[in-house]
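*Asks:* Please read through the structure below; I'll follow up with questions.
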Amino acid sequence: MGNRGMEELIPLVNKLQDAFSSIGQSCHLDLPQIAVVGGQSAGKSSVLENFVGRDFLPRGSGIVTRRPLILQLIFSKTEYAEFLHCKSKKFTDFDEVRQEIEAETDRVTGTNKGISPVPINLRVYSPHVLNLTLIDLPGITKVPVGDQPPDIEYQIKDMILQFISRESSLILAVTPANMDLANSDALKLAKEVDPQGLRTIGVITKLDLMDEGTDARDVLENKLLPLRRGYIGVVNRSQKDIEGKKDIRAALAAERKFFLSHPAYRHMADRMGTPHLQKTLNQQLTNHIRESLPTLRSKLQSQLLSLEKEVEEYKNFRPDDPTRKTKALLQMVQQFGVDFEKRIEGSGDQVDTLELSGGARINRIFHERFPFELVKMEFDEKDLRREISYAIKNIHGVRTGLFTPDMAFEAIVKKQLVKLKEPSLKCVDLVVSELATVIKKCAEKLSSYPRLREETERIVTTYIREREGRTKDQILLLIDIEQSYINTNHEDFIGFANAQQRSTQLNKKRAIPNQGEILVIRRGWLTINNISLMKGGSKEYWFVLTAESLSWYKDEEEKEKKYMLPLDNLKIRDVEKGFMSNKHVFAIFNTEQRNVYKDLRQIELACDSQEDVDSWKASFLRAGVYPEKDQAENEDGAQENTFSMDPQLERQVETIRNLVDSYVAIINKSIRDLMPKTIMHLMINNTKAFIHHELLAYLYSSADQSSLMEESAEQAQRRDDMLRMYHALKEALNIIGDISTSTVSTPVPPPVDDTWLQNTSGHSPTPQRRPVSSVHPPGRPPAVRGPTPGPPLIPMPVGATSSFSAPPIPSRPGPQSVFANNDPFSAPPQIPSRPARIPPGIPPGVPRRAPAAPSRPTIIRPAEPSLLD
């Protein structure tokens, strides 16, 4: 005999679990725990056992449950039990489960009544249970026996509070009927953790063991010491029944017979007994499931809405439909063009915040990498002077020239212009590489159709390679044009007369166009990498590079300057990255072998990426700090020519040197301006136009439409999964709707006056008579209540010495009886607050006024519904 109410809930929960499993998610219902609390030998284990519907817990007199038992019920197709302390063993005989519980208890607590807070974890797998947690706790005891510690009472109370304090736990406060209810420790503990009484249900056991002539009717009717959720009476098996192997089915039948045959309980037999307790708890589980439904529903609906748009395309999907293929091809090519343009021109949607991409990287090539490459090929001063002197001597031949030959100027300038070709072509290569990356990124959206993606990448990449050749030809043509005519009338050219008056120092500053005396070239964080550990180790500083110096500060506020290093005689050299370091390093040193910073001949500056290193090097080059070169051979030649140079030749070399410097600066400025324009026009803009206007035609000519638009297996699987997910979500929502309509939530009972739980001092309240009410309902004479011969036809309190303050007034018979309410949680209606009493002036024994029938008591109805408590 199992718990039928629980078995009725199992299909509902299984439906929910199946619905969520079909969409790859788990349904977190988090059903409440059910904990039984009560005194020693109050029948807690029996109540728990009856709820599960299985006979498996130890029984006996005295303290039997000496460790908390956490019983996890798990729905499964097969029935067996498993302990956490011996997972490898499965128990199919529940008698063996009881024996293992007893043995495990003795292993930890001994055999002489000892207790332990260490729980026993038992899992019961069965097709007849819900996923629930039930907790059987040791009984509350006052006096230690055997091996129990002196503070046994406080230890057990602390143990119980740990388990019942959880907000989602239901508390069954078990009290035997032959004990004074006002002394119930179970109810007091429940009140501590549940002051509102929302999750406490009183359970009265041992009703069949009460003294003859007494009963618990007032308690069970929630009149004597009321609880918000009331009391339920149960009759468990006796120790004799357990030893005689009386099964739960027979025990439930005997319990039912007891309530139906007992004169004090027969009128409320449908609200008593283990089946009603099961129904009450199962209704609580139903309430919890219903409370979880809105959250689950909103979660599913949000997922459904996110799929609606994509699923709309697939609802009437036919893979071989030529119309669909044509439409899809047009849409994808159009989207490819839009994505390419967004990545080049920039867009606000889907911004990459981790790294530069697309147009931003090309912009960096134009304005950082290309100027860096130009400056890097700057001529060395000694090399240039030697070449100028050779040119002058070769032009004069055997004669000694009196004037500076302008042909030497043109020869040197043309040689310097040729050097522009290499960095310019390298710039084109870098842009082509970035465009290829952009094409691959944009083609990722075509992955549903592998052949289309492959052909699109091939066609566009081929076109870019074709434009690359034309762009390089155009750039070489630009440089050839510059070489073909040296325009000495340019407005920025210093002229012959000015060149003779320029000093070397001014020439150096002239090589940096558009730069003021204190122009800040760059700011940023760098790490000084080669400071020893004894002096603080590597540290990050805020660096500021100007045309004259390199300064570093503690932070970007630039208030606390650490050092300022003049740029005179400084050079840059590369440094290999350390074995354990992930930073990229370059160094600055003084060409005259002087210390750069404190006792350091060079400072090593570290960046997070190679791109940052290149960018800083470009900035240093703008400031006139050039990379280190192997100058052994150059110095020898320069030394030879310097010593043989006469003063007149030296003046001529200086003049041409200044002229070359001025003219090359003009050409560099022009090339830096024309390169981005040429690449944009001939390569990038042409590629955009090609994608928008010609790509579709090339695709049609490369292959037939059906082969291009053949779906990948992954796309077909994705479409099927999406449709399955969509239908599964709709099915789950329908199941939630069915559960909502097929189950009923019970309202929370109204609060009751349970101050007795706090005011009791260890004894039942002394029966007291209330003062006679002098106010009667309007329009109705007071009824005189007297003794009625014979057994009452309607429920009345037993005996005249009830512990309630006044005898209850009979309820109205018929379908409106207080006991016709099927709500398992609702308490019976309270007595009218102003019952009619015998007036003080009428002595006892005076007959009542005109009763309707001698055998039927007068029914007193309240004048207004609001008079009901």
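The values are calculated or read from the model by the stated rules, or taken from the named source; none is laboratory data. All figures in this text were calculated on a predicted structure; none of them were measured in a lab. Reconstructed Cβ throughout: ideal geometry from the backbone, glycine too, with neighbour counts over all protein chains shown. These accessible areas exclude ligands, DNA and RNA; they are computed on the full protein's heavy atoms, side chains included. Shrake-Rupley method; radii C 1.70, N 1.55, O 1.52, S 1.80 Å.
*Asks:* Being crowded, with 18+ Cβ neighbours inside 10 Å and either part of a loop (DSSP other than H, G, I, E, B) or modelled with pLDDT under 75 (or both) is the filter here, so list the residues in segment 599-640 that pass it.
*Replies:* 623, 624, 625, 638
Yes/no matrix, rows are residues, columns are (1) of a type in the set (Asp, Glu); (2) under 18 Å from residue 255 (Cα atoms); (3) free of Cβ contacts under 8 Å to residues at least 60 places away in the same chain:
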{"position": "175", "(1), (2), (3)": "no, yes, no"}
{"position": "178", "(1), (2), (3)": "no, yes, yes"}
{"position": "185", "(1), (2), (3)": "yes, no, no"}
{"position": "193", "(1), (2), (3)": "no, no, yes"}
{"position": "197", "(1), (2), (3)": "no, no, no"}
{"position": "201", "(1), (2), (3)": "no, no, no"}
{"position": "206", "(1), (2), (3)": "no, yes, no"}
{"position": "210", "(1), (2), (3)": "no, yes, yes"}
{"position": "216", "(1), (2), (3)": "no, yes, yes"}
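*Asks:* So which pairs qualify, if the first residue must be in segment 266-279 and farther than 14 Å from residue 231 by Cβ and free of Cβ contacts under 8 Å to residues at least 24 places away in the same chain, the second must be in a helix (DSSP H, G or I) and aromatic (Phe, Trp, Tyr), the Cβ gap must be under 7 Å, and the two must be at least 6 apart or on different chains?
*Replies:* From segment 266-279, the pairs are 266/259; 269/259.
*Asks:* Return the only residue of 220, 252, 225 being in contact with a strand residue (DSSP E or B) (Cβ under 6 Å, 6 or more places away or on another chain), surrounded by 18 or more Cβ atoms within 10 Å (Cβ to Cβ), in contact (Cβ under 8 Å) with a residue 40 or more places away in the chain and not basic (Lys, Arg).
*Replies:* On inspection, the qualifying residue turns out to be 220.
*Asks:* I've got another one for you. Quick one: count up the residues across segment 149-173 that are among the aromatic types (Phe, Trp, Tyr) and either in contact (Cβ under 8 Å) with a residue 12 or more places away in the chain or under 21 Å from residue 286 (Cα atoms) (or both).
*Replies:* 1
*Asks:* Condition test on residue 148, is it out of contact with any His (no Cβ under 7 Å at 6 or more places or on another chain) and either hydrophobic (A, V, I, L, M, F, W, C) or assigned to a strand (DSSP E or B) (or both)?
*Replies:* no
Quick grid of which residues meet (1) more than 29 Å from residue 277 (Cα to Cα); (2) within 42 Å of the chain's Cα centre (by Cα); (3) open to solvent by 70 Å² or more (accessible area, probe 1.4 Å):
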{"position": "98", "(1), (2), (3)": "no, no, no"}
{"position": "109", "(1), (2), (3)": "yes, no, no"}
{"position": "113", "(1), (2), (3)": "yes, no, yes"}
{"position": "126", "(1), (2), (3)": "no, yes, no"}
{"position": "131", "(1), (2), (3)": "no, yes, yes"}
{"position": "138", "(1), (2), (3)": "no, yes, no"}
{"position": "149", "(1), (2), (3)": "yes, no, no"}
{"position": "168", "(1), (2), (3)": "no, yes, no"}
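*Asks:* Separate question: From the list 260, 281, 305, 285, exactly one residue is assigned to a helix (DSSP H, G or I), more than 22 Å from residue 749 (Cβ to Cβ) and in contact with a helix residue (DSSP H, G or I) (Cβ under 9 Å, 6 or more places away or on another chain). Which is it?
*Replies:* 260
*Asks:* With 426, 445, 414 as the choices, which residue is open to solvent by 10 Å² or more (accessible area, probe 1.4 Å), in a helix (DSSP H, G or I) and under 30 Å from residue 703 (Cα atoms)?
*Replies:* Exactly one of 426, 445, 414 is open to solvent by 10 Å² or more (accessible area, probe 1.4 Å), in a helix (DSSP H, G or I) and under 30 Å from residue 703 (Cα atoms), namely 445.
*Asks:* Kindly establish whether residue 89 is surrounded by fewer than 20 Cβ atoms within 10 Å (Cβ to Cβ) and either within 26 Å of residue 282 (Cα to Cα) or not basic (Lys, Arg) (or both). It would help to see each step written out before you state the result.
*Replies:* Details: surrounded by fewer than 20 Cβ atoms within 10 Å (Cβ to Cβ): yes; either within 26 Å of residue 282 (Cα to Cα) or not basic (Lys, Arg) (or both): no.
Here the answer is no, as residue 89 does not meet what is asked.
*Asks:* Of a type in the set (Ser, Thr, Tyr), at pLDDT 90 or above and closer than 30 Å to residue 705 by Cβ: which single residue out of 471, 461 fits that description?
*Replies:* Unique residue meeting the criteria: 461.
*Asks:* A further question follows. If you check residue 646 against the conditions, is it modelled with pLDDT of 75 or more and more than 23 Å from residue 567 (Cβ to Cβ)?
*Replies:* So residue 646 does not fit the description; no.
*Asks:* Continuing with the same structure: Working carefully through the options 581, 615, find the one that is in the same structural domain as residue 537 (by the TED database) and closer than 16 Å to residue 372 by Cβ.
*Replies:* Just a single option satisfies the conditions, and that option is 615.
*Asks:* (1) at negative phi; (2) in contact with a strand residue (DSSP E or B) (Cβ under 6 Å, 6 or more places away or on another chain); (3) open to solvent by 10 Å² or more (accessible area, probe 1.4 Å): which one isn't true of residue 187, the others all being true?
*Replies:* Only one criterion in (1) at negative phi; (2) in contact with a strand residue (DSSP E or B) (Cβ under 6 Å, 6 or more places away or on another chain); (3) open to solvent by 10 Å² or more (accessible area, probe 1.4 Å) is unmet by residue 187, namely (3).
*Asks:* Quick one: what pairs do we get from segment 307-326, first residue under 15 Å from residue 711 (Cβ atoms) and not assigned by the TED database to the domain that holds residue 699, second aliphatic (A, V, I, L, M) and at pLDDT 75 or above, C-beta under 6 Å, 6+ apart or different chains?
*Replies:* Pairs found: 314/723; 325/709.
*Asks:* Continuing with this model, one more query. I want to confirm something. Restricting to segment 659-674 and keeping residues that are closer than 25 Å to residue 392 by Cβ and in contact with a Ser or Thr (Cβ under 9 Å, 6 or more places away or on another chain), which single residue is modelled with the lowest pLDDT?
*Replies:* 659
*Asks:* Kindly provide the set of residues from segment 255-275 that are open to solvent by less than 20 Å² (accessible area, probe 1.4 Å), closer than 30 Å to residue 133 by Cβ and not β-branched (Val, Ile, Thr), ordered by number.
*Replies:* Passing the criteria: 255, 259, 272, 273.
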